[in-house]
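Q: Have a look at this one before I ask anything.
We did not get these values from a lab; they are worked out from the coordinates using the rules stated. Keep in mind the model is a prediction, meaning the values are calculated, not measured. Cβ: placed from backbone, ideal geometry, glycine included. Neighbour counts: every protein chain shown.
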Amino acid sequence: MKHFNFKLKRTRIGTRLILAFLIMASVGAGIGFVSSFELDRILDPLTSDIPQSLAGIKRTYHLDLLAQKIRHYDQILTEAAREFIYTGDRQYKYRYKEFEPRLETVIREAIEKGDVQDKKIFLDLRRSKALFVDIEYRAIRSVDESRMDEAKTILEGSDYWNLKREYRKTLDAYVERRGREYGDSLNFTSMKVDSLVAETYQLVQRSKETVFKFSMLAILVAVLLGVFITRTILKPIYELRRGAEFIGKGNLHHRIQIHSEDEIGNLAQTFNEMTQKLGEFYTGLESKVQEKTHELAKKVEESQNQNRALERTKEAMMNILEDLEHARLEAENGKAKYQAILSSIGDGMIATDANGCIMMVNAQAELMLGFESRSMVGKNIGAAYLLENEHQEKIAVPDRPVYQAIERRKKIASTAIYVRKDGTRFPAAVTVSPVVRNDKIIGAIEIFRDISKEKEIDRMKTEFISTVSHELRTPLTVVREGVSLVLDKILGPVTGGQTEFLSISLKEIDRLGRIINNLLDISKIESGKVDLKRGFINLTEAADDVIAGFTALAKNQGLELRKKYSSDSIPIYADKDKLIEVFTNLLGNALKFTEKGAVEISIVDEPAAVVCSVKDSGRGISEEDLKRVFGKFQQFGASPKGREKGTGLGLSIAKGIVELHQGRISVDSKFGEGTCFSFRLPKQTPKEVFSEHLTRLLRESVNDRSPIMLLSLQIPGDLTGMAEPAAERDLFGKIEDFIRAYADTFQGETLREGNAFYMLFPGIDRKESEALIKKLSTDLEEHFKPPSEEESGTFTFMLRDVHYPEDGSTGEELISSLRAA
Amino acid sequence: MKMQKKKVLITDDEPNIVRVVAARLQAHNYEVICAYDGEEALERIAEAMPDIILLDIMLPKMDGFEVCRRIRAEEATKHIPIILFSAKTQEEDKRKGREVEADAYIAKPFDPQRLIDTIALLINAPRA
């Protein structure tokens, strides 16, 4: 037993529980098996012995009934014969004749049903019956022949009575025999039943005993198992709980005595280790607490001393303040008026003196920064709250806008990240104006506005465009390539009908792709995310390119394509690709909706603008549709058969592009006569466009915090040493192209003014600019170095850079500091 | 002598795109290797040394630009032509692509003929 227990300690708890359940289950199964065996034994006699004896009883009873009938019919016959003879009443004769066959039938039945002995008896009976019936018939016949006396003699004769007696004796013999047998049968059956009951009783008793014994055994096993489980599983758990209680009460030296090697053993071990560590930690903590308590006591004493000193200082201050109070009350009235105005401003506002010491904070600034006004006033602005740049680096105090404005004596507009009292941050546009009186700076006012929402909206807009384009184009790519793979027969042969419909699908897929692109173009145009790539272009050339592309189509449709230019060369400073897109959309529409006649493109050069128009002789547009013609997804009338279906966005894109060029687009149409679209592009000089661009970038940068670099490239004309002015012009042209290509890579804008080029690079700060300028100057030298010594002279140039926001906050400031540099 | 098939690595996080492009390239007798994120792409390149790489930009774990930068930084792989393959057609992405020295940029949805032509051109005229 001991050995057994030792082995069990190593068994896992789960295994132990499974073993216990297995034992219980097998005991239960044993009880069930024994019970069913016992019940089988009880059933045996019930199914074989009793039915047999019951069958015997049933047959005996039936034959007995026949014997009774035979006796009864015989009496009737005897009586009927006698009555007829003595009374002569015919009714008795008929009665006799009726019952005689019945008797015969009954006897015959008895012969059939009986066993060998019964058969013999009944055959004898039948023989004697035949004899006395014969006598009786003779007697009846005598009466019929009126020989009454003879009849009487026959029936009173000893022969007749002997027969009768014998007959009845035979019947009695049978009844006696059968009666004996009946009794036997009954006896046997009842005996069987008795023994059966006794036997069953015994069996049930025995089964009860067996089942009882087994149940007792089961209970015993369950108890043993219970004890076993309690000993090996629950007791250790109880031990653990007791241990935990001990430790909970602070007895950290208690250890749990469980040495089994199962999970609980492990738990106990871990628990003991934990207790030990807790004890160690607690000891350390106690000594630390003592240490701190001591320190605290010392500090309390110190601060009490300080308080006494402060108390004295406060008294002195109170005296001064009382004097001041009088003066303050006088100023109050005037001040209240300004306070009301200042607190109603939606932007944060902080006023400082000439040293940057905070004098006033409005309610909005308190709200935005989380500091209370009275905790800020009197502090230096650099110490009151923190400012960070976009890289989350702290802005040094002298670089803060307030100090910059005081030092440079001018208004500073910038952006910065403000750090709130709770450490959270928000981006803000900040403006600081110096306060000047009598030519002397007496302070500064900082106004700041939270721009996190604007930045967030801007970011979301950009992200939306990019996400939509990605999310729509990805499935479209799979669909398009799937259809193409089938259509290109890469996946197997394709029937003519399949080709037809797959081609239609492919066309529609491409149309969907164009719609997505157009939608993105529109959303970019509308959100101002398109940068025009302007250059001096000849507008007639751009129009000719478009016309060339449509010539074949017009010819096929039997349409005349005319052009009318006010001069062959009409220069304009614009984005060529974008204007080609406008012409393509307008001309494509005109051809699509014109069945006969002509389409005419005209370009007229006016002093301040260029006016272009596309006129057709098509079906025209009704007056109500005319209002919606530049709207998105507006399509009027079905496209002619065989033509690529439009996207319904072409005209809104055209409108967007024209407006990006500061132009106007309009439509004029008479239903049934034709339509004329025309747009007007103002002639902007590069300088206008450049400064407009600069202004726009600066405006965006206020919200966006992005830096801007302005770069100038000066090439002293006479220093190129070129004799031929034509060659020099050519060189400048090449340099211009180079510069433009260079600026384009960075979404820059370029301006040429004589020998000088100006380039605008958004998003590039001073740090990044160094590498860029270095590369540009190496590239320039490499590209434009005179090829040989003969073309004497050197190619010299000067590169200068200024930066927003460091070198200025407005366009004029930046340009003037670039010129001054 | 039988010519060895050229190996193309297709990288895209959209398995269906990888599948259709692979079908097309296999029909043009290329051996196709697939990767579904940036890190996997680098693993495949190291073990299989493809002749050309088709690289989606918006990839999980590491974006296409970064994958491109790492391929160019590695002596063993810097000669492999790279085609950036993206559903974004913003100019900014094309510029970044040039910056990380990708050889071509194909926008999705793509013209299959252009893809095949570009691959053939870049494989036959590898980088200097």
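Q: Through the Karplus equation 6.51 cos²θ - 1.76 cosθ + 1.60, θ set to phi - 60°, convert the phi angles of segment A:150-162 into ³J(HN,Hα) values in whole Hz; use x for Gly and Pro.
A: Taking θ as phi minus 60°, the curve returns 4, 4, 4, 4, 4, 6, 8, x, 5, 3, 4, 5, 4 Hz for segment A:150-162.
Q: Quick check on chain A: helices-only [θ] at 222 nm, where DSSP H runs of length 4 and up contribute -39,500 (n - 2.57) each and the sum goes over total residues. Nearest 500, please. Present the calculation step by step, with values, prior to reporting the outcome.
A: Working: 22 runs with 522 residues, N = 821.
Mean residue ellipticity, 222 nm, calculated: -22500 deg cm²/dmol.
Q: Moving on to the next point. Between A:His254 and A:Asp115, what is the label-point separation in nm under the 7 Å Cα-to-beta-carbon projection?
A: 9.1 nm
Q: Take the alpha-carbon centre of segment A:67-130, take the same for segment A:438-482, and report the distance between them in whole Å.
A: 130 Å
Q: Which cross-chain or sequence-distant (5 or more) residues have an amide H under 5 Å from the amide H of A:Tyr565, H modelled 1.01 Å from N in plane?
A: Under 5 Å from the amide H of A:Tyr565: A:Ile603.
Q: Now for a different question. Starting with the fewest neighbours, write out A:Met24, A:Met368 ranked by other beta-carbon atoms found within 10 Å of each beta-carbon. All intermediate terms of the calculation are to be shown ahead of the outcome.
A: Values: A:Met24 14, A:Met368 19.
Sorted ascending by nearby Cβ count, the order is A:Met24, A:Met368.
Q: Here's something else I'd like to know. Report the net charge of residues surrounding A:Phe371, where surrounding means a beta-carbon distance below 15 angstrom and charges are Lys +1, Arg +1, Asp -1, Glu -1.
A: Details: positive: A:Arg374, A:Lys379, A:Arg420, A:Lys421, A:Arg425; negative: A:Glu366, A:Glu372, A:Asp422, A:Glu446.
Neighbour charge sum, excluding A:Phe371 itself: +1.
Q: Of the peptides A:565-577, A:294-306, how do they stack up when ordered by the mean number of other Cβ atoms within 10 Å, highest first? Could the numbers behind the result be given before it?
A: Working: A:565-577: 16.2, A:294-306: 9.5.
Listed from highest to lowest mean packing, they are A:565-577, A:294-306.
Q: On a straight-distance basis, which lysines could pair with B:Lys7 in a cross-link, Cα separation under 17 angstrom, same-chain partners fewer than 8 positions away excluded?
A: Candidates past the 8-residue exclusion: B:Lys78.
Q: Can you count the Lys pairs in segment A:345-450 whose Cα atoms are under 16 Å apart, with each pair 8 or more apart or on different chains?
A: Working: A:Lys379/A:Lys421; A:Lys394/A:Lys421; A:Lys410/A:Lys440; A:Lys411/A:Lys440.
Close lysine pairs found across segment A:345-450: 4.
Q: Another question, if that's okay. Can you tally the net charge around B:Asp56? Count Lys and Arg as +1, Asp and Glu as -1, for every other residue whose Cβ sits under 13 Å from the Cβ of B:Asp56.
A: On the way: positive: A:Arg473, B:Lys61, B:Lys88, B:Lys108; negative: B:Asp12, B:Asp13, B:Glu14, B:Asp37, B:Glu40, B:Asp63, B:Glu66, B:Asp93.
Charge balance in the 13 Å sphere: -4.
Q: From Cα pairs below 8 angstrom and at least 6 apart in sequence, can you work out the relative contact order of segment A:345-450, rounded to a whole percent?
A: Numbers: 227 pairs, mean separation 30.1, N = 106.
Across segment A:345-450, relative contact order equals 28 percent.
Q: Sticking with this one: Give me the dipole magnitude in Debye, nearest 20, for chain A about the Cα centre, with unit charges on the beta carbon: positive for Lys and Arg, negative for Asp and Glu.
A: Working: 120 positive and 125 negative charges, 823 e Å.
My answer is approximately 3960 debye.
Q: Now for a different question. Using the Cα centre of the protein assembly as shown as origin and beta-carbon charges of +1 (Lys, Arg) and -1 (Asp, Glu), tell me which of A:Ile739, A:Gly588, A:Phe679 is placed farthest towards the positive end of the dipole.
A: My answer, from the dipole projection, is A:Gly588.
Q: Relative contact order for chain A: what is it in percent, counting Cα pairs under 8 Å that are at least 6 residues apart? Numbers along the way, then the final one.
A: Working: 967 pairs, mean separation 53.7, N = 821.
Across chain A, relative contact order equals 7 percent.
Q: Would you mind working out the magnitude of the charge dipole of segment A:210-272 relative to its Cα centre, with +1 at each Lys and Arg C-beta and -1 at each Asp and Glu C-beta, to the nearest 20 Debye? The partial results should precede the final answer.
A: Details: 7 positive and 5 negative charges, 51 e Å.
Value, rounded to 20: 240 debye.
Q: Based on DSSP, what percent of beta bridges with both residues in the protein assembly as shown are antiparallel, to the nearest 5? Walk me through the numbers before you get to the answer.
A: Numbers: 75 of 98 bridges.
So the antiparallel bridges amount to about 75 percent of the total.
Q: If you don't mind, there's one more thing I want to ask. Across peptide A:463-476, how many C-beta atoms of other chains are within 10 Å of each residue C-beta, on average?
A: 4
Q: Return the aspartates and glutamates within reach of A:Lys152: Cα separation strictly under 12 angstrom, same-chain partners fewer than 8 residues apart disregarded; answer none if there are no such residues.
A: Straight-line reach from A:Lys152, under 12 Å: A:Glu83, A:Glu136.
Q: To continue, here is another question. Please list, in order along segment A:540-550, the HN-Hα scalar couplings obtained from phi with the Karplus expression 6.51 cos²θ - 1.76 cosθ + 1.60 (θ = phi - 60°), rounded to whole Hz, x for Gly and Pro.
A: 5, 5, 4, 5, 4, 4, 5, 4, 4, x, 9
Q: In segment A:446-525, which trypsin sites (Lys or Arg not before Pro) fall in coil by DSSP and have 11 or fewer other Cβ atoms within 10 Å? Don't skip to the answer; put the middle values down first.
A: On the way: sites: A:Arg449, A:Lys453, A:Lys455, A:Arg459, A:Lys461, A:Arg473, A:Arg480, A:Lys489, A:Lys507, A:Arg511, A:Arg514, A:Lys524; in loops: A:Lys489.
Here the trypsin sites (Lys or Arg not before Pro) that fit, given the DSSP loop and packing criteria, are A:Lys489.
Q: Oh, and also: Of the options A:Thr210, A:Leu103, A:Phe132, report the single residue whose Cα projects farthest towards the positive end of the charge dipole of segment A:88-230 (beta-carbon charges: Lys, Arg +1; Asp, Glu -1).
A: In segment A:88-230, that residue is A:Thr210.
Q: Taking K and R as +1 and D and E as -1, what net charge do the other residues with C-beta under 14 Å from the C-beta of A:Asp353 add up to? Show your work: numbers first, answer last.
A: Details: positive: A:Lys379, A:Arg437, A:Lys440; negative: A:Glu446.
For residues surrounding A:Asp353, the net value is +2.
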